Amino acid sequence: MRRSTPSLPIAVTMGEPAGIGPDLALLAWENSKALGLPCFYVRADAALLTERSAKLGLSGKIAAVSPKDASAVFGKALPVVQTGPALPDQPGFEREDTAASVIASIEHCVADVDDGLAAAVVTSPINKAALYKAGFDHPGHTEFLGELAKQHWPETTPHPVMMIAGPELMVVPVTIHIPLKDVPATLTSDLIVETALTAAADLKQRFGFANPRLALCGLNPHAGENGTMGTEEDAIIRPAIDRLIALGIAATGPHPADTLFHPEARQTYDCVLGMYHDQVLIPAKTIGFDDSVNITLGLPFVRTSPDHGTAYGLAGTGNIRTDSFAAAIRMAHALAYPEQL
Ligand SMILES: NC(=O)C1=CN([C@@H]2O[C@H](COP(=O)(O)OP(=O)(O)OC[C@H]3O[C@@H](n4cnc5c(N)ncnc54)[C@H](O)[C@@H]3O)[C@@H](O)[C@H]2O)C=CC1
Ligand SMILES: NCC(=O)COP(=O)(O)O
């Protein structure tokens, strides 16, 4: 008889403590059975979570544990692995002095995966501007996790790529958190090819697409209108697509982005590569804000996150949706344990 090894828990990061991260963890644990969630633990401050739980009127227990004890307590209490000092619970109030704990939580969760204590990392939303002010020199989790991956798995060559995946649409931005004015100078054929190859490889290996169809957006209106509205399509994007096709990738484009997201167009591809953040995150969040998941492709470990941010105004109110966070936890487990599907 084949014995199945018990699953490791999912490590959830603290995220911005004044945002809805604590609420998400508490509410998701409270409803874990209905949401179909596997075991997870949060690396955060247990006292803050206890205070937030009271604000939300929840009666569930919180247990301070080590990662290896999380599975044993998950049925009775939300497992919290104390990370960083005690923090006052001030929902909605941005603070810079919590940045070190926010960063430490991400670092420790990745280390937990490397140490065989956790199956995957789910990140709670961070306030990027607050972390930058405190000296964080990565645009976001995506790039930071790429750096951590190099440290923990030096034999690998991580190329972190952001994908927002929902039931109806999957998108990848080629450039991510940079000012719009810097996009044309940042876009290169090499960057597009590298991003598309990473996306195609993970869509095959992790998501089961035999030969994923990638639709690449143009940068300019009407994909440049034959060079009359911009030249990046002919100079940069089309040569990248030609290289991808020569490598056997089912790549098409450059497509005018404005007509790429209506229902009929969505049947013609598996994933859209956009040239800048909002080009593809606006359609992805408009179509699937509640159930889309942010996944970092190109890493030697699994990382997912909800598709939304800190939602400061809703922290401590209980008036939030946990769908995307729950989907992130379920997807992290499914990607870490594909054989259990
Ligand atoms: N993965 C991450 O760490 C992400 C972090 N952020 C950060 O979040 C901060 C706020 O960014 P915003 O652009 O305002 O985006 P946001 O996603 O926090 O909020 C946008 C709107 O959606 C609502 N909302 C967000 N999550 C919700 C939920 N679970 N249930 C109900 N309503 C929800 C908010 O109340 C707001 O009206 C920024 O500092 C940004 O850097 C933003 C996106 C992802
Ligand atoms: N707009 C998406 C976002 O901000 C998430 O970025 P990351 O922190 O996952 O790199």
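Quick notes
- In segment 140-186, the C-alpha radius of gyration followed by the widest Cα-Cα span (Dmax) gives 13.3, 36 angstrom.
- Dipole magnitude of the chain, debye to nearest 20 (Cβ charges: Lys/Arg +1, Asp/Glu -1, about Cα centre): 1040
- Compared with the dominant Cα axis of the chain, that is its longest principal axis, helix 141-152 is turned about 80°.
- Pairs over the 23 Å Cα-Cα cut-off, from the set Lys55/Lys76; Lys68/Lys133; Lys33/Lys68: Lys68/Lys133.
- Taking other C-beta atoms within 10 angstrom as a stand-in for reagent exposure, Tyr269, Tyr132 fall in the order Tyr132, Tyr269, fewest first.
- Taking a quarter of the surface of the Cα convex hull of segment 75-196 gives a mean projected area of 11.1 nm².
- Over the chain: helical MRE at 222 nm, DSSP H runs n ≥ 4 each giving -39500 (n - 2.57), nearest 500: -10500 deg cm²/dmol
- Here Phe93, Phe207 are placed in order of increasing Cβ neighbour count within 10 Å, fewest first, which gives Phe93, Phe207.
- Computed from the C-beta positions of Ala86 and Phe289 and an R0 of 30 Å, the FRET efficiency is 0.35 to the nearest 0.05.
- 13 Å beta-carbon shell around Ala223, net charge (K/R +1, D/E -1): -4
- Taking every alpha-carbon pair in the chain and binning the separations at 10 Å intervals from zero gives 6, 26, 33, 22, 11, 3, 0 percent.
- DSSP bridge orientation in the chain - percent antiparallel, rounded to nearest 5: 30
- The phi-based Karplus calculation (6.51 cos²θ - 1.76 cosθ + 1.60; θ = phi - 60°) puts the 3J(HN,Hα) values of segment 175-192 at 9, 10, 9, 10, x, 4, 5, 8, 4, x, 6, 7, 5, 9, 4, 4, 4, 5 Hz, whole numbers, x for Gly and Pro.
- Of the two radii for segment 159-298, the radius of gyration is 0.93 times the Kirkwood radius, both from the alpha carbons; that is the Rg over Rh value.
- Under-5 Å amide H pairs with Val81, H placed in peptide plane, nonlocal only: Val42, Arg43, Ala44, Val65
- Charge tally in the Cβ shell below 15 Å around Leu145, where Lys, Arg are +1 and Asp, Glu are -1, Leu145 excluded: -3
- Zone residues, segment 222-256, relative to Ala210, backbone N less than 18 Å from point 7 Å out along Cα-to-Cβ: 248-251
- Phi angles across segment 86-102 convert, under the Karplus curve 6.51 cos²θ - 1.76 cosθ + 1.60 with θ = phi - 60°, into 3J(HN,Hα) values of 5, 10, x, 8, 10, x, x, 9, 4, 9, 8, 6, 9, 4, 4, 5, 4 Hz, Gly and Pro given as x.
- Among Thr98, Thr157, sorting on how many other beta-carbon atoms sit within 10 Å of each Cβ, with the fewest leading, yields Thr157, Thr98.
- Relative contact order [Cα under 8 Å, 6+ residues apart], the chain, whole percent: 23
- Difference of contour (0.36 nm per residue) and Cα-Cα distance, Leu314 to Asp137: 61.0 nm
- Charge tally around Leu117: other residues with Cβ under 12 Å, Lys/Arg +1 each, Asp/Glu -1 each, net -2.
- 3J(HN,Hα) along segment 65-77: 9, 9, x, 6, 9, 4, 4, 5, 9, 4, x, 10, 7 Hz, from the Karplus curve 6.51 cos²θ - 1.76 cosθ + 1.60 with θ = phi - 60°, whole Hz, x for Gly and Pro.
- Between segment 231-265 and segment 1-73, the alpha-carbon center distance in angstrom: 42
Every number in this text was worked out from the coordinates using simple rules, so none of it is lab data. Keep in mind that this is a model prediction, so the values were computed, not measured. FYI the Cβ positions are ideal-geometry reconstructions off the backbone, even for glycines, and counts take in every protein chain you see.
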